[in-house]
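Asks: Sending over a structure as structure tokens; questions will come in a sec.
The values are calculated or read from the model by the stated rules, or taken from the named source; none is laboratory data. Here the structure is a predicted model, which is why all the values come from computation and not from measurement. For neighbour counting, all protein chains shown are included, and Cβ atoms are generated from backbone atoms with ideal geometry for every residue, glycine included. In case anyone asks, the SASA skips ligands and DNA or RNA and just uses the protein heavy atoms, side chains included. Shrake-Rupley method; radii C 1.70, N 1.55, O 1.52, S 1.80 Å.
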Amino acid sequence: MNSTITIEEKALDVMYKHGRAAFPDECCGFLYGNEKEGRFIELAIPVTNSKEGDQRRRFEISPLDYMKAERYALENDTTLLGVYHTHPQHPAIASVHDLEKAMPYFSYVIISVMDGKEADVKSWKLYDDKREFYEEQVNTPVIK
Amino acid sequence: MAKIIIPTPLRKFTNNESTFETSGNTVKEAIQELTTTHGGLAKHLLDVNNNIRSFIRIYVGDDDINTLEKDATAVSDNAVISIIPAIAGGIA
């Protein structure tokens with residue numbers, strides 16, 4: 001699949017700062033933007049990792065936070081395009097746990113955080129006709 | 001009629017409509033009506049036994065139907081039903 005996602009610098013910055021602050025736990029948030037000329041992420045909004053148990057290996061977003069995210073998109077004339085989360089001390093490769101509950105259409109942006117600092121970012125999306133991820137090409141400012 | 005809010009990732013199966021009006025009297029009837037009208041939704045919302053998938057949460061207003069009467073929860077005329085996909089994952 002040939003698919004590209006562009007992430008604006010300020011959105012990426014929010015994700016990186018969130019990843020550093022939460023390290024060594026995983027963190028997560030929602031991604032908003034438009035699809036006028038390809039998928040374009042303008043805004044990242046952090047949400048609470050509501051996973052009970054080991055947050056170093058798992059994240060979860062509560063149903064109420066999800067409802068709020070949909071409402072935010074409607075009220076602000078934007079589109080909920082995906083979710084980001086971090087993989088502390090692990091590569092930005094989607095895992096079986098990421099695939100298990102993935103929804104179509106959403107971009108699943110994963111940031112690898114190594115020793116407390118972002119090291120890589122990748123984005124994953126479900127195929128339309130099967131429950132498998134393919135990697136989207138991410139256009140971002142270069143990690144310094 | 002009650003209204004079902006379609007989550008963004010599933011709107012491609014409802015011709016991009018964000019809401020669906022239903023005359024179902026229970027959550028199960030409402031979801032059945034939705035998946036009959038928009039067939040592509042069924043595999044994402046229902047399991048092989050036609051029950052709502054475990055990773056899909058349904059709220060009526062601000063209440064999780066799992067705290068009410070599950071899919072037998074009654075739906076009033078002006079009810080708002082939200083379909084909420086579980087968002088979760090993590091490292092291998």
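Asks: Explain nothing, just the number: dipole magnitude of region A:91-144 about its Cα centre with +1 on each Lys and Arg Cβ and -1 on each Asp and Glu Cβ, in debye rounded to the nearest 20.
Replies: Details: 7 positive and 10 negative charges, 23 e Å.
Rounded to the nearest 20 debye, it is 120 debye.
Asks: Sticking with this structure for a sec: Take residue B:26 and residue B:72, extend 7 Å from each Cα along the Cα→Cβ direction, and tell me the distance between the two endpoints in nm.
Replies: Label at residue B:26, label at residue B:72, 0.6 nm between them.
Asks: Further question on the same structure: Here is the link list: A:10/B:28; A:125/B:28; A:17/B:43; A:51/B:3. Which ones come out longer than 32 Å on Cα distance? Show your work: numbers first, answer last.
Replies: Numbers: A:10/B:28 43 Å; A:125/B:28 30 Å; A:17/B:43 37 Å; A:51/B:3 30 Å.
Violating the 32 Å limit, Cα to Cα: A:10/B:28; A:17/B:43.
Asks: Sticking with this structure for a sec: With only Lys, Arg, Asp and Glu charged, each at its Cβ (+1 for the first two, -1 for the last two), find how big the charge dipole of region B:26-74 is about the Cα centre; round to the nearest 20 debye. Numbers along the way, then the final one.
Replies: Working: 5 positive and 8 negative charges, 52 e Å.
Using only the charged Cβ atoms, the result is roughly 260 debye.
Asks: Hey, another quick one. Cross-link candidates for residue A:68: which aspartates and glutamates have Cα within less than 19 Å, leaving aside residues fewer than 8 places away along the same chain?
Replies: List returned: A:42, A:60, A:77, B:17, B:62, B:63, B:64.
Asks: Given +1 on the Cβ of Lys and Arg, -1 on the Cβ of Asp and Glu, and no further charges, what dipole in debye does the protein assembly as shown carry about its Cα centre, rounded to the nearest 20?
Replies: Details: 26 positive and 36 negative charges, 90 e Å.
For the protein assembly as shown, the charge dipole is close to 440 debye.
Asks: Sticking with this structure for a sec: Hey, if we sort A:37, B:21 by accessible area with the 1.4 Å probe, largest down, what's the order? Spell out each step's value before the answer.
Replies: Values: A:37 175, B:21 110 Å².
Ranked from most to least accessible, the order is A:37, B:21.
Asks: Rounded to whole Hz and in sequence order, give me ³J(HN,Hα) for region A:22-28 from the Karplus expression 6.51 cos²θ - 1.76 cosθ + 1.60, θ = phi - 60°, writing x for Gly and Pro.
Replies: 7, 3, x, 7, 7, 10, 7
Asks: Same structure again: From the helices alone, meaning DSSP H stretches of at least four residues, give me the mean residue ellipticity at 222 nm for the protein assembly as shown, per-run term -39500 (n - 2.57), in deg cm²/dmol to the nearest 500.
Replies: Computed ellipticity for the protein assembly as shown at 222 nm equals -5500 deg cm²/dmol.
Asks: Which value, in Å² and to the nearest 10, is the accessible area of residue B:54 when all protein chains are kept and the probe is 1.4 Å?
Replies: 110 Å²
Asks: A further question on this structure: Residue by residue through region A:65-76, what is 3J(HN,Hα) from phi via Karplus (6.51 cos²θ - 1.76 cosθ + 1.60, θ = phi - 60°)? Round to whole Hz and write x for glycine and proline.
Replies: So the J values, rounded to whole Hz, are 5, 5, 4, 5, 5, 5, 5, 4, 4, 5, 6, 10.
Asks: Another question, if that's okay. Suppose we keep just the alpha-carbon trace of chain A; what are its Rg and Dmax in angstrom?
Replies: For chain A, the Cα radius of gyration and maximum Cα-Cα distance read 14.0, 40 Å.
Asks: Also: Go through A:89, A:133, A:106 and say which Cα lies farthest out towards the positive end of the charge dipole of region A:87-144; charges sit on Cβ, +1 for Lys and Arg, -1 for Asp and Glu.
Replies: Looking along the dipole axis, the top candidate is A:89.
Asks: Roughly how far apart, in whole Å, are the Cα centres of region A:50-93 and region A:1-47?
Replies: So the two Cα centres are separated by 10 Å.
Asks: Still on this structure: Amide H of residue A:114 versus every other amide H placed in the peptide plane: which residues, excluding those fewer than 5 positions away on the same chain, fall under 5 Å?
Replies: A:89, A:119
Asks: Separate question: Could you give the Stokes-Einstein D for region B:2-85 in µm² per second, using the C-alpha Kirkwood radius, 20 °C, 1.002 mPa s? Walk me through the intermediate numbers first.
Replies: On the way: Rh = 12.5 Å.
It comes out at roughly 172 µm²/s.
Asks: Turning to a different aspect of this structure: Can you list the residues, at least 5 places off or on another chain, whose amide H is less than 5 Å from the amide H of residue A:34, using H built in the peptide plane?
Replies: A:40, A:42
Asks: Would you mind checking which residues have amide H under 5 Å from residue A:107's amide H? H placed 1.01 Å from N; only 5 or more apart, or other chain.
Replies: Here A:82, A:83 satisfy the definition.
Asks: Assuming R0 = 25 Å, what is the FRET efficiency of residue B:15 and residue A:1, from their Cβ-Cβ distance, to the nearest 0.05? Before the final figure, lay out the partial values.
Replies: Details: r = 23 Å, r/R0 = 0.91.
Approximately 0.65, to the nearest 0.05.
Asks: Relative to a virtual label point 7 Å from the Cα of residue B:37 in the Cα→beta-carbon direction, which members of region B:78-92 show backbone nitrogen distances below 15 Å?
Replies: B:78-83
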